[in-house]
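Right, one structure below, let's go through it.
The values are calculated or read from the model by the stated rules, or taken from the named source; none is laboratory data. All figures in this text were calculated on a predicted structure; none of them were measured in a lab. FYI the Cβ positions are ideal-geometry reconstructions off the backbone, even for glycines, and counts take in every protein chain you see.
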Amino acid sequence: MKKFIVPILIFLIIMASIPLMAFNKNPTVLPKIQKGTQPATKQTSTNPVIATEPKKTESSNQTQSEQNFKILDTSSKTVITVLDKEFCYGALAAEMPASYSQEALKAQTIAIYTNFCRIRNDERNKPDKQLKGADFSADLSKKEKYISKETLQKIYGSSFDKEFGEIQSAVNAVFPKTLIYQGKLITALYFSVSGGATENCKDVFGSDLKYLTAVPSPWDEFAPDYSETTDISSDDFKAKLLKAEPTLVFSDNESKWVGNINKDLSGYVSSVTICGKSIKGTELRNIFGLRSTDFDLFIFNGYFKFTVRGYGHGVGLSQYGANCMAAQGSDYKEILKWYYPGTTLK
């Protein structure tokens, strides 16, 4: 009996040692994956559809991770380079309050990234020597177009983690999505507050872009800074107009200086007849520094009064309207479809 027991014991010991040998040969340390996250790749940007896309090669990841924007800072006359996602953080903070709803911040992020990608493509295809190799210019000292993380830390102060966290969360959720129309990046214009409806691009900038058409934005009428009244003395009114339009002839009767005020279907002033000459609403906005071209104009006690509604050129996405839509349950896709009809996400 003993001659059978000894060989059996030896066989069992050998078999038991095989799995231990297998685990100890070329051991692999697996990364810890927290619940609800994906393993980190060499490409640090978040891709919301990575699970359904073909696996990308290392070279393609490297190319995308090195994509950047070059900004000519007009205040320092230097060109700075910012990675795409980092730019979106700073550009979003420059364009929309971090306190806005996440879905509004996401929609704004996509509009920003789309617009500046289009600008970059155009510039690199046909460089402007004045930009010194940059994609566009901005006065960064005035926080124009982009704000660095270091500057945001000073602006936000003790609330930096919370405020910047909201910015990061929105960007990370949608980057690098863009808006396209007929296969091309769109001109994704945006502004603060409308007068109750957005404008046709053609009426403001002269370009007939089908996705920048007038749409209702009734939520904007509830904005805290929806309207503003500006009083201008007769002398200042005349002086500013003559500086811009030297051929105007003013009569002694100031009540006859202003004639017809023409408005488009969205309620914005398309033109005003002044001293017999038709002047565009957009020009009057620039001359008098008005917040928008949705205004009423009348004279009272020697003053010309502008009652202005909304804030901005009125074309494209209304930031306040987007925030209201988000508060009512709309997601960023619905917001973008509303303000940029006919476009698709890519």
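Taking residues in the range 228-249 that are within 13 Å of ILE299 (Cα to Cα), and partners anywhere that are among the charged types (D, E, K, R) and at pLDDT 95 or above, the pairs with Cβ atoms closer than 9 Å and at least 6 places apart or on different chains are THR229/LYS305; THR230/ARG291; THR230/LYS305; ASP231/LYS305; ILE232/LYS240; ILE232/LYS305. Taking the stated definitions as given, is ILE287 touching a Lys or Arg at 6+ places or on another chain (Cβ under 9 Å), among the hydrophobic types (A, V, I, L, M, F, W, C) and at pLDDT below 95? So ILE287 fails the test. Any chance the range 74-85 includes a residue that's at pLDDT 95 or above, within 21 Å of LEU152 (Cβ to Cβ), assigned to a helix (DSSP H, G or I) and within 16 Å of the chain's Cα centre (by Cα)? Within the range 74-85, one or more residues are at pLDDT 95 or above, within 21 Å of LEU152 (Cβ to Cβ), assigned to a helix (DSSP H, G or I) and within 16 Å of the chain's Cα centre (by Cα). Within the range 301-314, none of the residues are surrounded by fewer than 18 Cβ atoms within 10 Å (Cβ to Cβ), at pLDDT 95 or above, of a type in the set (A, V, I, L, M, F, W, C) and closer than 30 Å to LYS243 by Cβ. Taking the range 263-285, which residues are surrounded by fewer than 12 Cβ atoms within 10 Å (Cβ to Cβ) and either touching a residue at least 40 places away in the same chain (Cβ under 8 Å) or under 29 Å from ALA214 (Cβ atoms) (or both)? Answer for the range 263-285, where residues must be surrounded by fewer than 12 Cβ atoms within 10 Å (Cβ to Cβ) and either touching a residue at least 40 places away in the same chain (Cβ under 8 Å) or under 29 Å from ALA214 (Cβ atoms) (or both): just LEU265. When restricted to residues that are of a type in the set (Ser, Thr, Tyr), surrounded by 15 or more Cβ atoms within 10 Å (Cβ to Cβ) and assigned to a strand (DSSP E or B), the range 213-235 contains 2. Can you tell me which residues in the range 135-168 are of a type in the set (D, E, K, R) and either more than 21 Å from TYR113 (Cβ to Cβ) or over 16 Å from the mean Cα position of the chain (by Cα) (or both)? Matches in the range 135-168: ASP135, ASP139, LYS142, LYS149, GLU150, LYS154, ASP161, LYS162, GLU163. Beta carbons closer than 6 Å, at least 6 apart along the sequence or on distinct chains, pair a first residue in the range 108-136 that is within 20 Å of THR74 (Cβ to Cβ) with a second that is of a type in the set (Phe, Trp, Tyr) and part of a strand (DSSP E or B) for ILE119/PHE136; ASP135/PHE69.
The strands (runs of 3 or more DSSP E) located wholly in the range 236-346 that include 3 or more residues which are touching a Gly at 6+ places or on another chain (Cβ under 7 Å) occupy 269-274.
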